[in-house]
Amino acid sequence: MDVALLAALPDRLATLRRQAPAQTTRSGAVMAYARPNATAAIMLSAPTALPVPDGATSATARGALAEATGDASLRMLEDAGRRGGAGRRPSELRWRSFIVHDGSATDLLCNRTTLPAARGMVTEIVCVTGVAGRVMTVGLTLTHPRQAEQEAIRLACRFAAEARAGLREAARLQRA
């Protein structure tokens, strides 16, 4: 069911294009999107036997955000260590939380962080919400010039909101 929901998403969300068919992993179903200087993954999972309520306020959704943020932190710190270069290697990241309200019934709870990179900055954004009885986790990595951080955040928010809307519509059509 999760792979079918992800497969119903458009080939393009925001300005990112689907990279391959949805795949099943141990954690759930995953769909990858990308464009130059940006990669994204949408994961649907059902961590409990009970359906996850829509929105980002459930304990299940908040737990998924904490886990996704921890995974992203480890990956970003490893990447920073491999890149090396001038400056001090970060030992921890500062994450900022925010909520995407876009007029729908399901808000997105998100965390973001930014690190300097060889050519500008790397911003990582993870968002979660309950949708179609599952937890939708969206992770985006964007490389951008220092002055374009707000634009990168807007792109990530638009991508996550379009993914959520697409999954809600796919679930509605599946029930019909």
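Within region 124-136, is there a residue that is among the polar types (S, T, N, Q) and out of contact with any Leu (no Cβ under 7 Å at 6 or more places or on another chain)? No: region 124-136 contains no residue that is among the polar types (S, T, N, Q) and out of contact with any Leu (no Cβ under 7 Å at 6 or more places or on another chain). Could you check Tyr33 against (1) open to solvent by 10 Å² or more (accessible area, probe 1.4 Å); (2) among the hydroxyl-bearing types (Ser, Thr, Tyr); (3) at pLDDT 95 or above and say which number it fails? With respect to (1) open to solvent by 10 Å² or more (accessible area, probe 1.4 Å); (2) among the hydroxyl-bearing types (Ser, Thr, Tyr); (3) at pLDDT 95 or above, Tyr33 is out only on (1).
This table checks each residue for (1) modelled with pLDDT of 90 or more; (2) surrounded by 17 or more Cβ atoms within 10 Å (Cβ to Cβ); (3) in contact with a strand residue (DSSP E or B) (Cβ under 6 Å, 6 or more places away or on another chain).
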position	(1), (2), (3)
Ala40	yes, yes, yes
Met43	yes, yes, yes
Ala46	no, yes, yes
Val52	no, yes, yes
Gly70	yes, no, no
Met76	no, yes, yes
Thr106	no, yes, yes
Cys110	yes, yes, yes
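Candidates in region 59-68 are the residues that are within 15 Å of Ile42 (Cβ to Cβ) and in contact with a Pro (Cβ under 9 Å, 6 or more places away or on another chain); of these, the one that is modelled with the highest pLDDT is Ala64. Among the residues of region 117-133, those identified as among the small types (Gly, Ala, Ser) and either at pLDDT 90 or above or not in a strand (DSSP E or B) (or both) are Ala118, Gly130, Ala132, Gly133.
Among the residues of region 15-30, those that are open to solvent by less than 60 Å² (accessible area, probe 1.4 Å), over 26 Å from Thr60 (Cβ atoms) and under 16 Å from the mean Cα position of the chain (by Cα) comprise Thr15, Leu16, Arg18. Residues that are assigned to a helix (DSSP H, G or I), among the hydrophobic types (A, V, I, L, M, F, W, C) and under 16 Å from Arg175 (Cβ atoms) within region 1-15 comprise Ala4, Leu5, listed in sequence order.
Of everything in region 134-176, what is farther than 13 Å from Ile42 by Cβ, modelled with pLDDT of 90 or more and not in a helix (DSSP H, G or I)? Give them in sequence order. Within region 134-176, Thr141, Leu142, Thr143, His144, Pro145 qualify.
Taking region 23-41, which residues are outside any strand (DSSP E or B) and not polar (S, T, N, Q)? Of everything in region 23-41, those that are outside any strand (DSSP E or B) and not polar (S, T, N, Q) turn out to be Arg26, Gly28, Pro36.
The values are calculated or read from the model by the stated rules, or taken from the named source; none is laboratory data. For clarity, every value in this text was computed on a predicted model and none was experimentally measured. Quick reminder, even Gly has a Cβ in these numbers, built from the backbone with ideal geometry, and neighbours come from all protein chains shown. Surface accessibility is based on the protein's heavy atoms, side chains included, excluding ligands, DNA and RNA. Shrake-Rupley method; radii C 1.70, N 1.55, O 1.52, S 1.80 Å.
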